[in-house]
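To start, the structure itself, in structure tokens.
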There are 2 protein chains.
Amino acid sequence: MSLFVQKFGGTSVGTVERIKAVAKKVAGFRDQGHDIVVAVSAMSGETNRLIALAKEMQATPDPREMDVLVSTGEQVTIALMCMALKDLGYDARSYTGTQVKILTDSSHMKARIQDIDVAPMKADLAAGRVVVVAGFQGVDENGNITTLGRGGSDTTGVALAAALKADECQIYTDVDGVYTTDPRVVSSAKRLERITFEEMLEMASLGSKVLQIRSVEFAGKYNVPLRVLSTFDDGPGTLITLDEEYSTMEQPVVSGIAFNRDEAKVSILGIPDAPGVASKILAPIGDANIEIDVIVQNVAADNTNDLTFTVNRADVDKARAVVERVATELGAREVVTDDKIAKISIVGVGMRSHAGVASTMFKSLAADAINIQMITTSEIKISVIIDERYLELAVRGLHTAFGLDKDQ
Amino acid sequence: MSLFVQKFGGTSVGTVERIKAVAKKVAGFRDQGHDIVVAVSAMSGETNRLIALAKEMQATPDPREMDVLVSTGEQVTIALMCMALKDLGYDARSYTGTQVKILTDSSHMKARIQDIDVAPMKADLAAGRVVVVAGFQGVDENGNITTLGRGGSDTTGVALAAALKADECQIYTDVDGVYTTDPRVVSSAKRLERITFEEMLEMASLGSKVLQIRSVEFAGKYNVPLRVLSTFDDGPGTLITLDEEYSTMEQPVVSGIAFNRDEAKVSILGIPDAPGVASKILAPIGDANIEIDVIVQNVAADNTNDLTFTVNRADVDKARAVVERVATELGAREVVTDDKIAKISIVGVGMRSHAGVASTMFKSLAADAINIQMITTSEIKISVIIDERYLELAVRGLHTAFGLDKDQ
């Protein structure tokens, strides 16, 4: 007898048949005596259809009206889901973000949840009903409809679980868990039984896009046990838990290998070696709303500096324009950009207490004759930037080097 | 400087282009200095699409969830309409039924409006905004989404006009007003400049489906001047007003001729002539939720009674089954049904004070050798049931007989 919040994304509820299949899955949990709160996304394709309509109306659609528009997507799903459950003989009740009072700030299209009124949901659960809540949406204190931004349905699920003190927040997706790396690149990649919130954050932010980063942060903050599992198969998925519990167990040094090809590199060569130079270069980048990821600075042999940073590939031309202006002012020698790069990170709470993780990584890359362009490290990850042509080769080598091919 | 509530139906907002055209029309009224509250329906086809989805989920979809589902249709339109207005440079704000607090009872799919909170709308109007309200929907006192039933957007428009004490409620449709009869049947049919609420009720209930009956009743009750006009052309349309104003003017005896082919006739022949017989027959029909329109009873030559009534054609088999059971109990001779009938009504406030209207009608029908099967009369209309084959012939003859072909 547990209370589960179960979140189903757009693909899981993409057709009438899939909504019926989800209803059957939920019914199975009810049969076992569990209390269930379901959070759902819009049927896949629907949000994009609505956004396309909006763009036909206004080049930059009004944010308040955009939220009124796109929030209809989940509203359709909650109604259909309740009908499907009722058709199976299970009592159910739907709630929009407004109805369940998912109170947010007023930042349309990227609102943050502040509070949830759990009383009506608790009454429904006590009456034996499945509660079905529209994900992704909320309401501000003036009754305006807000949305949490893309992927916000995960956040809704976690917020509901936190507010209801649920035993688990289960995120159903089209994969059956979190893997040691992308199985499309390394066929021997393994599903992880468990991973810590911190590791998951690093994995998610580095391109293993199983979960939205925000929802993982949220779950970590409120200590909501989060489980990623498949809508279409049965299986335990991957449990995401607090470090404390996890570190008491025997655990591998490195949990997984994340990577992405979304970044580009901007280098400013031959900058005078003087205080404040880095901020003179990076501040205008921030002002231009360009997000920076890795930053590396080194003193060159001639006592000038080389500064290199990475940005999203889509922003590289904008970043170059900003940097070239500053580079002229500073008397720098040259600005070079490269968008044929890849970032690979090894992630693991275990590496905190194990020496030699970095050297294992660099040895593995060297053995494949892969040149490392940049390196950054944190407590639980080491990232390198390499030529994107060697991405798959590098990931496969590292997967073996850290023993991730073996069954756990 | 007037306050107009303007209601646009599904056809008027059926495409992106049409929504933009409506926004231009509204903008034109703003340019003239008028305050505008717009009530809109779902884009044409959308409500049917949603209902079809619901029926795939549940043979008889849950009414509460049905309202959650179909109310998304208007919510999409209000957002798109505001975007279109903003794109033209006019400030606008959308409201769902919940947001503008169109308080209704809890009868899902057929709710009745009880109250509207006008304060936020008045504030918006004062700030120079166009207010765009979702038609057809409301909210009950527990925050459940309700809908007013098909055609409820007209009712929303009238209710808004009444609550805001608007100068006029303008119902935009795909016709340019109310006609003396259906122009597809009588090519010389004329648009009426004015018609009374009572006349409009008779015209609407008899098949001139320009407006929903409920909205006309509502407008009459709260004395909201109602104007029917075309979304696609400019023109004055038809103003629907109170009898009192109207009767001070020179007016024709008969305003229009309405007709329909939706009914079928059920006759029970040879019933014993005893008190309470009619109710014994008609009560079970009411219990079976079958609506009865015309009822005629006559004593036959052999001192038995013949009772005939009409029902919607879709209900005739159900009605026959009910009546046959009662007929056996009563010892009636025979039950006969006929669904090849048509009802024609002449409607006009003027006929109250004019003798000879009925005889003009019967003479006209006789001149065309059309047999009258049933007759009923009220203060402002006379209806006859005839063989449906003669419908067009009869309507054309009556249109001429009452001088409706002439320019007013």
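The values are calculated or read from the model by the stated rules, or taken from the named source; none is laboratory data. Just so we're clear, the structure is a prediction, and the values are computed from it rather than from any experiment. A quick note on method: Cβ atoms are made from the backbone with ideal geometry, for glycine too, and the neighbour counts reach across all protein chains shown. In case anyone asks, the SASA skips ligands and DNA or RNA and just uses the protein heavy atoms, side chains included. Shrake-Rupley method; radii C 1.70, N 1.55, O 1.52, S 1.80 Å.
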- prompt: What are the residue pairs meeting all of these: first residue in segment A:79-92, first residue within 8 Å of chain B (Cβ to nearest Cβ) and free of Cβ contacts under 8 Å to residues at least 12 places away in the same chain, second residue open to solvent by less than 60 Å² (accessible area, probe 1.4 Å) and assigned to a loop (DSSP other than H, G, I, E, B), Cβ atoms under 9 Å, and 6 or more apart or on different chains?
  reply: A:83/B:58; A:83/B:61; A:83/B:62; A:86/B:58; A:86/B:61; A:86/B:62
message: If residue B:134 satisfies all but one of (1) at negative phi; (2) more than 14 Å from chain A (Cβ to nearest Cβ); (3) small (Gly, Ala, Ser), what's the number of the condition it fails?
response: (2)
message: Filter segment B:94-122 down to the residues that are part of a loop (DSSP other than H, G, I, E, B) and of a type outside the set (S, T, N, Q) and list them by number.
response: B:97, B:100, B:101, B:105, B:108, B:109, B:110, B:111, B:112, B:117, B:118
Of the criteria (1) under 30 Å from residue A:302 (Cβ atoms); (2) in contact with a strand residue (DSSP E or B) (Cβ under 6 Å, 6 or more places away or on another chain); (3) in a helix (DSSP H, G or I), which one residue A:383 fails: (3)
statement: For segment B:314-355 the number of residues that are in a strand (DSSP E or B), open to solvent by less than 40 Å² (accessible area, probe 1.4 Å) and not small (Gly, Ala, Ser) is 6
- prompt: Among the residues of segment B:367-379, which ones are surrounded by 13 or more Cβ atoms within 10 Å (Cβ to Cβ) and among the aliphatic types (A, V, I, L, M)?
  reply: B:370, B:372, B:374, B:375
- request: Identify all residues within segment A:215-239 that are open to solvent by 60 Å² or more (accessible area, probe 1.4 Å) and not hydroxyl-bearing (Ser, Thr, Tyr); write none if there are none.
  value: A:217, A:221, A:223, A:232, A:233, A:234, A:236
- line: Among the residues of segment B:1-13, the number that are within 14 Å of another protein chain (Cβ to nearest Cβ) and over 21 Å from the mean Cα position of the chain (by Cα) is 0
query: Restricting attention to segment A:183-211, which residues are crowded, with 21+ Cβ neighbours inside 10 Å and polar (S, T, N, Q)?
result: A:196, A:208
message: Being buried (at least 19 other Cβ atoms within 10 Å of the Cβ), more than 8 Å from chain A (Cβ to nearest Cβ) and either farther than 20 Å from residue B:215 by Cα or hydroxyl-bearing (Ser, Thr, Tyr) (or both): is that true of residue B:96 here?
response: no
Filter result for residue A:358 (touching a Leu at 6+ places or on another chain (Cβ under 6 Å) and open to solvent by less than 40 Å² (accessible area, probe 1.4 Å)): no
Conditions (1) within 22 Å of residue A:139 (Cβ to Cβ); (2) free of Cβ contacts under 8 Å to residues at least 60 places away in the same chain: number failed by residue B:110: (1)
Selection from segment B:56-69 of residues that are of a type outside the set (Asp, Glu) and touching a helix residue (DSSP H, G or I) at 6+ places or on another chain (Cβ under 9 Å): B:57, B:58, B:59, B:61, B:64, B:66, B:68, B:69
- prompt: Of everything in segment B:1-57 that's assigned to a loop (DSSP other than H, G, I, E, B) and polar (S, T, N, Q), which residue is surrounded by the fewest Cβ atoms within 10 Å (Cβ to Cβ)?
  reply: B:32
query: For residue B:102, all conditions in the list (1) more than 26 Å from residue A:49 (Cβ to Cβ); (2) away from chain A (no Cβ under 14 Å); (3) open to solvent by less than 10 Å² (accessible area, probe 1.4 Å) hold save one; what is the number of the exception?
result: (2)
query: How many residues are small (Gly, Ala, Ser) and more than 7 Å from every other protein chain (Cβ to nearest Cβ) when one looks only at segment A:50-70?
result: 2
- request: Assess whether residue A:73 counts as being crowded, with 16+ Cβ neighbours inside 10 Å, touching a residue at least 12 places away in the same chain (Cβ under 8 Å) and more than 9 Å from chain B (Cβ to nearest Cβ).
  value: no
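Within segment A:211-228, how many residues are in contact (Cβ under 8 Å) with a residue 12 or more places away in the chain and assigned to a helix (DSSP H, G or I)?
Count: 8.
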- prompt: farther than 26 Å from residue B:163 by Cα, free of Cβ contacts under 8 Å to residues at least 12 places away in the same chain and surrounded by 24 or more Cβ atoms within 10 Å (Cβ to Cβ): does that describe residue B:65?
  reply: yes
field: Enumeration of residues in segment B:137-150 that are of a type in the set (A, V, I, L, M) and either away from chain A (no Cβ under 11 Å) or over 16 Å from residue B:106 (Cβ atoms) (or both)
entry: B:148
- prompt: Filter segment B:282-308 for residues that are surrounded by 14 or more Cβ atoms within 10 Å (Cβ to Cβ) and β-branched (Val, Ile, Thr); which is farthest from residue B:266 (Cα to Cα)?
  reply: B:304
- request: Spot the failing condition for residue A:296; the list is (1) over 21 Å from residue A:384 (Cβ atoms); (2) under 26 Å from the mean Cα position of the chain (by Cα), and only one is missed.
  value: (1)
- request: Filter segment A:28-49 for residues that are away from chain B (no Cβ under 14 Å) and touching a Phe, Trp or Tyr at 6+ places or on another chain (Cβ under 7 Å) and give the result.
  value: A:29, A:30, A:34, A:36, A:41
